[in-house]
Structure formats: C-alpha cells, structure tokens
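Undergrad: Sending over a structure as structure tokens; questions will come in a sec.
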Amino acid sequence: MFFGASSLRAGPRPGFFTLRLFFSRNKSSRQFIEIQSITAQGRKPQKFLKPGNKLFVRGKVNNLESYPLFKLQLYGVISRIEPQKKLRRDFGDFLIHDFLVFSNFCLRAGRTKNFYFSIKIPACSKEGLYRVHLNLTQDKRFPVSGIAYFTSDPSWYNQKSAFYFQVRSKSNHTLWIDKNSIKLTSKNQKKIPVLNSRENVASSPFFEVSFFLVNDFHKKQPVLLIFELMSARHDLFSKFFNKNHPVVLEEKISIRARERKKITRRVFTQRSDYLSILSLCAIAPRSKSQAYIKLLFPQSPIPKTFFRWPGLDKFPLKAGAKFNLFSGFSLPPHSLKPGRRPAQKKIKLKITLFDRWNKKIGLLFFNGLTDRKISFIKKSLRAPRDINYLKMIGTIHGSSGILEDKFIRTYDAARLKAPFKKTK
C-alpha cells in the first residue's frame with residue numbers, strides 16, 4: 001500500500017506495564033474499555049500538509065500504575081473526516097491507513113516509552129481534515145487505550161488519543177468507495193446492515209458484498225481489489241505479524257475514466273466467530289491512489305463470551321506477598337436485537353497460573369451467567385515463593401462444554417531490566 005509508516009524509531013526498549021481500574025460505558029450501543037492511568041499520547045503534528053509531504057509524529061506511552069504489562073502493541077489509524085454529518089454517522093470516515101508503531105514491548109510501572117514515526121502523505125490525497133488515532137493493545141487483542149478493532153466508524157474511537165491535521169490540495173481526483181452503496185447479503189439475499197448491525201449472515205457458507213467504486217480521474221485506471229475477512233477478536237492484527245493473513249479475494253480489474261463501477265463479489269466464510277471484520281481495499285498503482293474501508297458485522301448466529309482484560313496487579317512476586325488475579329468478560333456488544341432484553345449465557349471461566357516448572361500457583365474460577373455488560377471478577381492470592389516467571393492460561397466454556405475463548409500469556413521479569421525514562 002502506498003500510505004505506509006517509515007522511519008520508525010523507538011525510545012528505550014522493553015520494560016513493564018500495569019493497570020489500575022478500568023471502567024466501561026455504553027455509548028450508542030458500543031462498549032469502550034479504558035485504563036485511565038495508561039495513555040498513548042501523540043504531540044500535535046504539523047497543522048497543514050500538502051500531498052507528498054511527510055507527517056512527523058512524536059509521542060509517549062505512559063504507565064502510572066503500580067505493576068507492569070507485557071506484550072504491548074501500539075498501532076496508528078489515519079482517517080479523513082467525512083464532511084457530511086449523516087454519512088459520517090451512518091457509514092463512518094474514510095479509512096486511509098492502519099499501521100504498527102511498536103510490537104511486543106513491555107512497560108514497567110510508573111514508566112514512559114517514547115515513540116516517533118513519519119508517514120508520507122500520498123500524492124493523490126484529497127483536501128480535508130484528517131485524524132491520527134493511537135491504539136494500545138496487549139496480546140494483539142486486549143484494548144488498553146483506544147479499541148482493538150480498526151473500523152471506519154469514528155464512534156469506536158477514544159478521542160483522547162486522537163489529534164488532527166489539515167491537508168491542502170488542489171486536486172480532487174482520487175479512487176473511492178461509495179460507502180452509501182455498500183450492502184452485505186447472505187445466501188438467501190437477506191440484507192445485512194453493516195454498522196449498528198443486529199442481524200447476521202447466520203450459518204451461511206458465503207455472503208455477497210456489493211458497492212460502487214468511483215474513479216474521479218480523467219484516465220482509465222487498472223485496479224487491484226483485495227478483500228480480507230477477519231475475526232474481530234483474533235485475526236485483526238495478523239497482517240502485521242503473519243504473512244498468511246486471511247486474504248479471501250484478490251483480483252485485477254480496470255475502471256474507465258470518471259466511471260462509477262458496481263462491484264459484487266462472493267466471500268466465503270472461514271470461521272464462525274461472532275464478530276467479523278471485512279476489509280475492502282482497491283489500489284490504483286498508476287495514480288498511486290487507493291480506497292480502503294473496514295466493516296464490522298456479526299457473522300455467526302450464536303454470540304460467544306470473551307475475555308476483557310485479564311491480568312495481575314503485581315509482578316514479580318515475593319514469597320508470601322498478596323496479589324490479585326482478575327479478569328473481565330462479556331458477550332459481544334452487538335449481541336442484542338432491537339426490542340429484546342439482553343441475551344444471557346451460562347459459562348464457566350477459568351484462569352490458571354503456572355510457574356516455570358508448570359506447577360499450579362493460582363486459580364480464578366467463575367460459573368454463572370453473563371451478558372453483553374462487562375463483568376469483572378478477581379481473587380486475592382498469596383505467592384508461595386519468589387516468582388519471576390509464570391504462565392497464565394484462561395478458558396471460557398459454554399453450558400454445552402464448547403470452548404468459546406482462550407488466551408495464554410507469559411510473565412517474565414527478565415524482560416523488565418532495560419532502563420526506562422520515568423513518568424513524572
């Protein structure tokens with residue numbers, strides 16, 4: 001893709017991280033998780049840019065907590081603001097690019113990690129207001145600051161970690177997807193709303209996506225279409241780490257000058273995770289232009305319970321010291337149809353701690369009901385000896401015994417020895 005991160009430089013490397021209390025709130029049926037003492041902040045970049053200029057961003061990740069976190073990832077999302085309020089509310093902004101700034105770093109308690117990156121503004125960029133949004137996650141899936149899905153819908157984003165800049169351009173020629181024309185249909189041609197969806201492509205082996213691709217250029221353009229279908233929980237960041245990320249369709253087409261071309265393609269489902277993200281990308285290499293959009297929708301008829309930020313409030317552990325093992329959990333935020341009461345499910349949740357020699361040193365267990373409201377549980381434990389390494393394994397099973405979610409995390413104090421700039 002033409003819009004890429006470059007000149008990535010880091011502050012000091014690994015360290016520790018931690019969290020205090022998170023809170024959840026419901027806004028427009030969307031769930032947000034924020035850890036108020038952990039922030040990813042970028043200094044405001046240049047106020048005005050022209051196509052071809054570089055955007056330079058400096059910032060820092062702060063951890064004001066009393067314990068560390070491992071395997072953190074810092075991502076950036078750049079969008080052009082949709083100027084029409086109704087279209088923005090219904091179909092979101094123009095997603096320009098998402099990119100990885102840091103991967104698998106640690107942040108100690110009370111420390112700061114500095115970051116710096118630059119991105120070249122594409123030559124075909126349209127004039128308008130642009131937003132850079134930063135997201136901090138753990139284990140490539142648990143949101144710490146911001147959210148874990150990069151959709152085109154602005155209401156998913158925490159505005160505290162966003163900043164804006166203007167692009168001034170005389171050219172309005174570009175390749176773009178008419179968001180108002182996007183339709184998802186299952187095998188029986190039932191319409192699937194994309195945003196605020198309360199329906200799904202239930203038990204269908206495939207669905208169809210259709211939209212209009214618009215070429216504003218005065219010349220014919222060869223275009224590469226790339227579609228990706230991803231689980232919102234597990235596959236979203238796979239393109240940054242896995243060369244075999246799930247491209248479900250890739251083909252070359254052409255579009256005439258000033259043409260509004262209808263694209264209809266069949267996409268075969270690859271897994272039955274409840275929340276899925278369909279990524280649509282059209283690249284015109286001749287004009288160095290691209291259209292990019294991501295759609296969040298429910299793919300499976302049965303919502304699955306998933307973990308929401310498990311962890312420890314202390315690490316490393318001294319012999320006899322008390323510590324808390326905790327976790328949040330819920331059904332997906334879209335697991336509710338209009339006019340119906342929140343769905344509830346019976347689950348069994350278990351998180352087990354093992355030491356370096358695979359001996360069990362702690363257990364958190366829950367057997368009860370859950371719904372899409374985020375619930376939190378914790379258990380106070382005492383370290384049997386000095387612990388500098390442990391493995392945390394969590395599972396959630398439904399009432400029928402089917403595995404609904406699982407994670408494995410490793411805590412290793414050896415990764416915390418790099419010096420860090422202390423947070424003020």
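The values are calculated or read from the model by the stated rules, or taken from the named source; none is laboratory data. Only a predicted model underlies this, so the values are computations on that prediction, with no experimental measurement involved. Positions of Cβ are backbone-derived with ideal geometry, glycine not excepted, and every protein chain shown enters the neighbour counts.
Undergrad: Restricting to region 37-78, and then to whatever is modelled with pLDDT under 80 and part of a strand (DSSP E or B), can you tell me which residue is farthest from ARG141 (Cα to Cα)?
TA: For region 37-78, the residue satisfying everything is GLY42.
Undergrad: State the number of residues belonging to region 59-92 that are closer than 29 Å to TYR411 by Cα and charged (D, E, K, R).
TA: Summing the residues that are closer than 29 Å to TYR411 by Cα and charged (D, E, K, R) in region 59-92 gives 3.
Undergrad: If I go through region 166-200 residue by residue, how many of them are touching a Lys or Arg at 6+ places or on another chain (Cβ under 7 Å), part of a loop (DSSP other than H, G, I, E, B), at pLDDT below 75 and surrounded by 14 or more Cβ atoms within 10 Å (Cβ to Cβ)?
TA: Number satisfying all stated conditions: 1.
Undergrad: Run down ILE402, ILE374 and say which single residue is buried (at least 16 other Cβ atoms within 10 Å of the Cβ), out of contact with any Asp or Glu (no Cβ under 8 Å at 6 or more places or on another chain), modelled with pLDDT under 95 and in the same structural domain as LEU331 (by TED's automatic domain parsing). First the steps, then the outcome.
TA: Working: ILE402 fails: buried (at least 16 other Cβ atoms within 10 Å of the Cβ).
The conditions single out ILE374.
Undergrad: For LYS126, are the conditions met, namely being farther than 15 Å from LYS60 by Cα, out of contact with any Leu (no Cβ under 8 Å at 6 or more places or on another chain) and free of Cβ contacts under 8 Å to residues at least 12 places away in the same chain? Spell out how you get there, then give the answer.
TA: Working: farther than 15 Å from LYS60 by Cα: yes; out of contact with any Leu (no Cβ under 8 Å at 6 or more places or on another chain): yes; free of Cβ contacts under 8 Å to residues at least 12 places away in the same chain: no.
No; evaluated as a whole, the condition is false for this residue.
Undergrad: Tell me which residues, restricted to region 82-115, are surrounded by fewer than 16 Cβ atoms within 10 Å (Cβ to Cβ) and touching a Gly at 6+ places or on another chain (Cβ under 8 Å). Write out each step before concluding.
TA: Quick first cut of region 82-115, residues surrounded by fewer than 16 Cβ atoms within 10 Å (Cβ to Cβ) only: 83-87, 89, 103-104, 114.
Passing the criteria: PRO83, ASN114.
Undergrad: Can you tell me which of (1) polar (S, T, N, Q); (2) modelled with pLDDT under 75; (3) surrounded by fewer than 19 Cβ atoms within 10 Å (Cβ to Cβ) is the one GLN299 doesn't meet?
TA: All conditions pass for GLN299, except number (3).
Undergrad: Scan region 55-74 residue by residue and report those that are closer than 18 Å to LEU100 by Cα and small (Gly, Ala, Ser).
TA: Hit for region 55-74 is GLY59, nothing else.
Undergrad: Additional query: Are there any strands (runs of 3 or more DSSP E) wholly within region 342-408 with 1 or more residues that are touching a residue at least 40 places away in the same chain (Cβ under 8 Å) and not polar (S, T, N, Q), and if so which? Full working, then the answer.
TA: On the way: elements: 345-355, 360-370, 375-382, 389-398.
The qualifying strands (runs of 3 or more DSSP E) are 345-355, 375-382, 389-398.
Undergrad: Next up: When HIS133 is evaluated against the numbered criteria (1) surrounded by fewer than 18 Cβ atoms within 10 Å (Cβ to Cβ); (2) of a type outside the set (A, V, I, L, M, F, W, C); (3) in a strand (DSSP E or B), which criterion, by number, is the only one it fails?
TA: Checking HIS133 against (1) surrounded by fewer than 18 Cβ atoms within 10 Å (Cβ to Cβ); (2) of a type outside the set (A, V, I, L, M, F, W, C); (3) in a strand (DSSP E or B), the one that fails is (1).
Undergrad: Give me the residue from region 302-320 that is in a strand (DSSP E or B) and either of a type in the set (Val, Ile, Thr) or modelled with pLDDT of 90 or more (or both) and, out of that set, nearest to the chain's Cα centre (by Cα).
TA: Going residue by residue through region 302-320, those that are in a strand (DSSP E or B) are 306-312, 317.
After this cut, where a residue has to be either of a type in the set (Val, Ile, Thr) or modelled with pLDDT of 90 or more (or both) as well, the list is 307, 310-312, 317.
Details: PHE307: 15, PRO310: 17, GLY311: 19, LEU312: 22, LEU317: 31 Å.
It comes out as PHE307.
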